[in-house]
1. Cβ-Cβ under 7 Å, sequence separation 6+ or interchain: first residue in segment 137-155 and free of Cβ contacts under 8 Å to residues at least 60 places away in the same chain and under 17 Å from residue 61 (Cα atoms), partner charged (D, E, K, R) and outside any helix (DSSP H, G or I). Which pairs?
2. Given the criterion in contact with a His (Cβ under 9 Å, 6 or more places away or on another chain), surrounded by fewer than 16 Cβ atoms within 10 Å (Cβ to Cβ) and within 29 Å of residue 264 (Cα to Cα), identify the matching residue among 85, 51.
3. Here is a list: 267, 240. Which entry is within 30 Å of the chain's Cα centre (by Cα), among the hydrophobic types (A, V, I, L, M, F, W, C) and within 23 Å of residue 74 (Cβ to Cβ)?
4. Considering only segment 162-182, I want to know if a residue exists there that is more than 27 Å from residue 74 (Cβ to Cβ), in contact with a Gly (Cβ under 7 Å, 6 or more places away or on another chain), β-branched (Val, Ile, Thr) and surrounded by 13 or more Cβ atoms within 10 Å (Cβ to Cβ).
5. Among the residues of segment 87-107, which ones are over 21 Å from residue 157 (Cβ atoms), touching a residue at least 12 places away in the same chain (Cβ under 8 Å) and part of a loop (DSSP other than H, G, I, E, B)?
6. If you go through segment 30-53 one residue at a time, do you hit one that is under 19 Å from the mean Cα position of the chain (by Cα), modelled with pLDDT of 95 or more, assigned to a strand (DSSP E or B) and assigned by TED's automatic domain parsing to the domain that holds residue 120?
7. For residue 144, indicate whether it is among the charged types (D, E, K, R), surrounded by fewer than 20 Cβ atoms within 10 Å (Cβ to Cβ) and within 23 Å of residue 258 (Cα to Cα).
8. Does residue 256 satisfy the condition of being assigned to a helix (DSSP H, G or I), surrounded by 11 or more Cβ atoms within 10 Å (Cβ to Cβ), free of Cβ contacts under 8 Å to residues at least 12 places away in the same chain and within 23 Å of the chain's Cα centre (by Cα)?
Amino acid sequence: MKIIFIGAGNMANALIGGILKRGIPSSNLHAIDPLANARVRLEKRYLVQTSETIDSTIVNYDVIIIAVKPQMIKIVSESLAPWLSAQLIISVAAGIRAADISNWLNRYPRVVRAMPNTSALIGIGVTGLTALQGVGDADRYLAEQVFRMVGKIVWCEDESKMDAVTAISGSGPAYVFYFIAAMQRAACELGLNDKQASDLVLTTFSGAAQLATQSDESSGTLLERVVSESGTTIAALKSFEADSISAAIVRGVLAAHTQAIQIGATFRK
């Protein structure tokens with residue numbers, strides 16, 4: 001499988017790093033980006049060849065992953081259109097509908113929309129996938145192959161659900177990092193040094209996530225097992241509830257969902 005990335009930003013870096021760890025040779029990957037510093041970073045980090053502009057190089061690849069910001073999708077698609085023949089197009093841009101991408105590609109039918117997350121870099125990401133009706137089983141399988149290399153996949157036959165995927169798992173690592181940073185700050189306020197705070201918080205998050213993943217019990221049940229009446233944990237949870245932390249998290253995710261919908265609507269116009 002030969003894969004070319006349009007864009008060499010953070011998501012492309014995460015996917016390339018994860019793919020290389022699964023044994024795909026760097027010679028099978030290529031990235032196109034107009035920014036010299038982005039190209040140099042990728043070349044030094046992964047030994048992947050890069051180029052500045054979209055050209056006939058495209059025809060040598062099986063899969064084209066569009067990994068640019070949503071506002072660049074239309075321009076990139078129009079530049080790609082003349083070079084397409086049998087390649088599978090995969091877009092990882094938030095909010096942009098597969099049908100719009102197809103239209104900008106002169107109605108090219110082989111378009112899959114994906115929403116991975118940055119944990120792809122270490123092979124434990126999760127990717128939501130949806131495809132145009134014109135995408136056959138072989139192309140769907142090819143898309144699965146790409147993203148199974150960097151974690152789990154979830155197919156959404158209703159493309160509108162991709163905005164929920166974006167809000168939950170696409171943006172999700174940022175929510176976790178936000179909570180980690182807050183706990184580390186609390187640890188330091190309690191007199192622990194930076195390394196102690198980091199070791200305690202990161203290991204706690206990693207262990208709790210693995211426990212939840214491996215357990216057959218719900219997160220609610222696992223929570224109950226940690227809490228004891230009049231204990232330290234319940235004191236923290238009561239404080240969280242008093243500050244409506246749970247409701248605030250839900251509101252934040254819903255705000256991300258609304259923004260994903262708005263992005264799609266804006267650039268469709």
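1. Hits for this filter: 139/110.
2. Going through 85, 51 in turn, just one is in contact with a His (Cβ under 9 Å, 6 or more places away or on another chain), surrounded by fewer than 16 Cβ atoms within 10 Å (Cβ to Cβ) and within 29 Å of residue 264 (Cα to Cα): 51.
3. The unique qualifying residue is 267.
4. no
5. Matches in segment 87-107: 87, 105, 106.
6. Looking for residues that are under 19 Å from the mean Cα position of the chain (by Cα), modelled with pLDDT of 95 or more, assigned to a strand (DSSP E or B) and assigned by TED's automatic domain parsing to the domain that holds residue 120, one finds at least one in segment 30-53, hence yes.
7. no
8. no
The values are calculated or read from the model by the stated rules, or taken from the named source; none is laboratory data. The structure presented is a predicted model; accordingly, all values stated were derived computationally and were not measured. Cβ: placed from backbone, ideal geometry, glycine included. Neighbour counts: every protein chain shown.
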